[in-house]
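The values are calculated or read from the model by the stated rules, or taken from the named source; none is laboratory data. Note that the coordinates shown come from a computational prediction; the quantities given were computed from them, not determined experimentally. These accessible areas exclude ligands, DNA and RNA; they are computed on the full protein's heavy atoms, side chains included. Shrake-Rupley method; radii C 1.70, N 1.55, O 1.52, S 1.80 Å.
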Amino acid sequence: MKLLKALTGVAGAIALTTGSAFADDLRWKMPVAFATNLPGLGSPAAWVADNLTTASDGSIQVRVYEPGKLVPPFDILQSVSDGKVSAGYTWIGYDQGKVPAIPLFAAVPFGMKPWAYIGWYYYGGGHELLQETYANKGFKVHAQLCGIIGPETAGWYAEPIESLEDYKGLKIRFAGLGGKVLEKLGASVTMMPGGELYQALEKGTIDATEFSMPAIDQILGFNQVVKYNLFPGWHQQFTAQYMLINQDEWDRTTEAQKALVEASCTAATTRGLAEGEYKNGKVLAEFQDKGVQADQIPREVLLKLKEVTEEVLKEEASKDADFKRVYESQQAFMETYKVWDTRAYVPADL
């Protein structure tokens with residue numbers, strides 16, 4: 001009896017000191033907004049799922065569900081918050097109608113370069129602000145930055161954009177805050193998942209679309225329907241993806257499991273950016289052979305788009321306290337970052 005009590009005491013001590021010795025295994029279903037074959041955008045979700053299983057020695061197993069197989073892409077936030085699924089992987093800007101400030105964490109027109117954004121996110125309080133933003137709107141999720149890519153293209157068009165007048169009456173798929181900018185210019189902006197865009201272009205449901213970077217757009221085949229691919233991607237200089245985890249599910253994880261999720265997502269963020277930077281140049285260089293006209297939007301048009309963007313951002317900040325708080329935090333960071341950015345990097349033409 002004394003031996004049994006002693007062994008019980010030792011087991012209890014081990015559990016208290018390790019914290020994870022008797023932790024429950026995690027078995028998460030994770031619907032994703034992007035097909036996992038899309039480089040930098042969908043591929044990090046699959047990588048994270050595999051890495052978590054390997055690094056946890058099977059303690060954490062995440063089953064990835066391709067877009068629409070378990071949850072519609074635009075329903076991921078609500079499904080995770082409600083506990084219908086344990087986790088989801090998405091571009092959170094899709095939920096700007098429910099959480100007005102959320103596009104600031106997803107893509108900002110004329111915003112930060114991707115490495116500047118992650119600087120602000122990790123060291124400027126961005127991660128904490130994101131959790132508060134969701135909680136303030138009643139969503140029970142833990143959000144973890146889990147992927148980022150560089151600029152998108154400015155979209156695919158049947159004709160080039162040579163003035164702001166060209167946006168008037170244009171039926172275009174455009175996401176996030178950039179969509180609000182084009183609406184202000186008279187465009188008819190719609191939102192639909194990436195998998196529906198080729199058919200929408202082909203049938204004339206939309207006249208033009210943006211979606212992502214060249215390495216992804218070519219997979220979706222937009223160049224088979226329209227031939228003008230415009231640059232730069234003024235509306236999304238960075239595109240950030242997140243792993244959303246139900247808050248109750250996150251709260252029951254051990255510190256070790258939390259650390260694995262955070263480390264895996266940080267690694268996926270680096271890998272996603274690296275994959276896009278590696279592949280885009282080659283794809284873009286080959287576009288001309290495929291009949292694609294890769295044109296630059298005239299500088300004078302970009303300057304006017306920037307003016308309208310600043311109007312939109314100020315209007316949104318005046319309507320939502322979270323938007324104002326996050327926007328001001330990002331602007332304060334950019335004031336000092338610009339000093340470094342303009343001085344430190346060699347100009348692209350050199």
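Note the direction-averaged projected area, equal to a quarter of the hull surface, for the Cα convex hull of the range 60-109, in nm². Please report the intermediate quantities before stating the final value.
Numbers: hull surface 16.5 nm².
Directional mean of the projected Cα hull area for the range 60-109 stands at 4.1 nm².
Please go through the residue pairs Lys168/Lys304; Lys113/Lys306; Lys184/Lys338; Lys203/Lys227; Lys29/Lys279 and name each one whose alpha carbons sit more than 18 Å apart in this structure.
Numbers: Lys168/Lys304 14 Å; Lys113/Lys306 16 Å; Lys184/Lys338 28 Å; Lys203/Lys227 16 Å; Lys29/Lys279 30 Å.
Long pairs (Cα-Cα over 18 Å): Lys184/Lys338; Lys29/Lys279.
List the equivalent ellipsoid semi-axes of the range 174-257 in whole Å, largest first, each obtained as the square root of 5λ for an eigenvalue λ of the Cα gyration tensor. Each step should come with its number before you reach the end.
Values: eigenvalues 208, 52, 36 Å².
For the range 174-257, the ellipsoid semi-axes come out as 32, 16, 13 Å.
Cα-based Rg (one decimal) and Dmax (whole number) for the range 98-252, in Å?
Calculated on Cα positions, Rg and Dmax stand at 16.9, 54 Å.
I'd like to know how the chain sits against the 2.2 N^0.38 Å rule of thumb: what's its Cα Rg over that expected value? Walk me through the numbers before you get to the answer.
Values: Rg = 22.1 Å, N = 350, 2.2 N^0.38 = 20.4 Å.
Dividing the Cα radius of gyration by 2.2 N^0.38 Å gives 1.08.
At q = 0.17, 0.22, 0.24, 0.26 Å⁻¹, what log₁₀ I(q)/I(0) does a Debye calculation on the Cα points of the range 297-339 give, no solvent, two decimals?
Evaluating at q = 0.17, 0.22, 0.24, 0.26 Å⁻¹ gives log10 I(q)/I(0) of -0.59, -0.81, -0.86, -0.89.
By DSSP, what percent of the beta bridges with both residues in the chain are antiparallel, rounded to the nearest 5?
Working: 16 of 32 bridges.
Of all bridge pairs located within the chain, approximately 50 percent are antiparallel.
The range 60-171: percent of C-alpha pairs farther apart than 16 Å?
Numbers: 4215 of 6216 pairs.
That fraction is 68 percent.
In Å, what Kirkwood hydrodynamic radius results for the range 209-345 from the alpha-carbon pair distances? Don't skip to the end; give the middle numbers.
Details: mean 1/r = 0.0530 Å⁻¹.
Result for the range 209-345, one decimal place: 18.9 Å.
Using the Kirkwood radius built from alpha carbon pairs, what does the Stokes-Einstein equation give as D for the range 242-297 at 37 °C and 0.692 mPa s, in µm² per second? Spell out each step's value before the answer.
Details: Rh = 14.6 Å.
In µm²/s, the coefficient is 224.
How large is the accessible surface of Asp322 in square angstrom, using a 1.4 angstrom probe and rounding to the nearest 10?
10 Å²
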